[in-house]
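K.L.:
Got a structure for you, questions after.
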């Protein structure tokens, strides 16, 4: 009985922590995406398991006693284990891609994000600040600002970044706008056209959030670019939901954009 309590309580606490963490982005910033849904689903599973601990465990034991049940449960366990290994490998690749600073001349490519009615959203603000930091430290670097205008945005993401960076003191002639893209793949693909048409350096430094660098880097490499990373300081309230949102995006690119 006591052992059961010691197991159930940490599971319940974990579920509650996840519940709060994945509810904070929509409450604080109005951000709700696939990552929130995945996180909230996981928190519900943990909480439900802690509340129905005995019944669920009893059902699993009884099911495992039958031949068919043993086969199904073993297959599910294998799928879950394989999924966890796959996610771990992806996460390691994401960390590696986020720690790849340039060691030579590069053209900066800043990937866009949501523009709000009042200006850049919290994620885009981070990318603007990271671009300012890099361009200030590398005064000869040129920069492509990439991002089109969504139906719910007052201006293109590229133009928003341009306005902010010029206000911060970055010379306009260092900035090139790419205002047609609507996805990460298009960000890189259309930025490549800007780079080539303006005879800019074809080594690139991608500025985006750390969780996003792996996918962006893979796309850049597929287009023949030697690429490096400079990461934004991602808000820790938003990091979990965007990390979980990124995983399906990576898998989608693996399947459909090889």
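Read the figures in this text as sums done on the coordinates, not as results from a lab. Only a predicted model underlies this, so the values are computations on that prediction, with no experimental measurement involved. Cβ: placed from backbone, ideal geometry, glycine included. Neighbour counts: every protein chain shown.
K.L.:
Report relative contact order for the chain in percent, whole number only (criteria: Cα-Cα under 8 Å, sequence separation at least 6).
P.N.:
On the way: 362 pairs, mean separation 58.8, N = 258.
Relative contact order for the chain comes out at 23 percent.
K.L.:
Quick one: helix 157-167 against the long Cα principal axis of the chain, what's the angle to the nearest 10°, folded into 0 to 90?
P.N.:
Taking Cα atoms only, the helix is inclined about 60 degrees.
K.L.:
Which of 50, 146, 156 ends up with the largest GNM mean-square fluctuation for the chain, with Cα atoms connected below 10 Å?
P.N.:
Sorting by GNM fluctuation, first place goes to 50.
K.L.:
Considering the Cα trace of the chain, what is its radius of gyration and what is Dmax, both in angstroms?
P.N.:
22.2, 72
K.L.:
Enter the angle in degrees (range 0 to 90, nearest 10) between the Cα long axis of helix 239-256 and the first principal axis of the Cα atoms of the chain, meaning the one along which they spread out most.
P.N.:
The angle comes out near 80 degrees.
K.L.:
Over what distance in Å are the Cα centres of the stretch 1-72 and the stretch 126-180 separated?
P.N.:
42 Å
K.L.:
Given contacts defined as C-alpha pairs under 8 Å and at least six residues apart, what's the relative contact order of the stretch 2-65, whole-number percent? Before the final figure, lay out each step's value.
P.N.:
Values: 40 pairs, mean separation 26.9, N = 64.
Taking the mean separation of contacting Cα pairs over the length of the stretch 2-65, I get 42 percent.
K.L.:
Given a Förster radius of 35 Å and the C-beta distance between residue 63 and residue 223 as r, what FRET efficiency does 1/(1 + (r/R0)^6) yield to the nearest 0.05? Before the final figure, lay out the partial values.
P.N.:
Values: r = 50 Å, r/R0 = 1.42.
Plugging the Cβ-Cβ distance into 1/(1 + (r/R0)^6) gives 0.10.
K.L.:
For q = 0.17, 0.19, 0.23 Å⁻¹, what log10 I(q)/I(0) does the stretch 2-65 give under the Debye formula with an equal point scatterer on each alpha carbon and no solvent?
P.N.:
Once normalised to I(0) and log-transformed, intensities are -0.64, -0.73, -0.89.
K.L.:
If you restrict to DSSP beta bridges whose two residues both lie in the chain, what percentage is antiparallel, to the nearest 5?
P.N.:
On the way: 2 of 20 bridges.
Taking every DSSP beta bridge with both residues in the chain, the antiparallel ones total about 10 percent.
K.L.:
What is the spin-label model distance, in nm, from residue 186 to residue 78 if the labels are put 7 Å beyond Cα along the C-beta direction?
P.N.:
4.1 nm
K.L.:
Using only Cα atoms and rounding to the nearest 10 degrees, what angle (0 to 90) does helix 67-98 make with the longest principal axis of the chain?
P.N.:
Roughly 30 degrees between the two axes.
K.L.:
What FRET efficiency would be calculated for the residue pair residue 140, residue 6, taking the C-beta separation as r and a Förster radius of 35 Å, to the nearest 0.05?
P.N.:
Values: r = 60 Å, r/R0 = 1.72.
Plugging the Cβ-Cβ distance into 1/(1 + (r/R0)^6) gives 0.05.
K.L.:
For the chain, what does the helix formula give at 222 nm: sum of -39500 (n - 2.57) over DSSP H segments with n ≥ 4, over the residue count, nearest 500 deg cm²/dmol?
P.N.:
Details: 9 runs with 159 residues, N = 258.
The helix contribution divided over the chain gives -21000 deg cm²/dmol.
K.L.:
Extending each Cα 7 Å along its Cβ direction at residue 236 and residue 173, get the distance between those two points in nm, one decimal.
P.N.:
Label-label distance for residue 236 and residue 173, simple model: 4.4 nm.
K.L.:
For the residue pair residue 45 and residue 193, what label-to-label distance in nm results when each label sits 7 Å from Cα along the Cα-to-beta-carbon direction?
P.N.:
For residue 45 paired with residue 193, the spin-label model returns 4.1 nm.
K.L.:
Using r as the Cβ-Cβ distance of residue 99 and residue 256, and R0 as 35 Å, what FRET efficiency do you calculate, to the nearest 0.05? Working shown, then result.
P.N.:
Working: r = 28 Å, r/R0 = 0.79.
That gives a FRET efficiency of 0.80.
K.L.:
Express in nm, to one decimal, how much length is gained between residue 33 and residue 203 on full extension, taking 0.36 nm for each residue of separation and deducting their alpha carbon distance.
P.N.:
Details: separation 170, 0.36 × 170 = 61.20 nm, distance 3.25 nm.
Full extension from residue 33 to residue 203 adds 57.9 nm.
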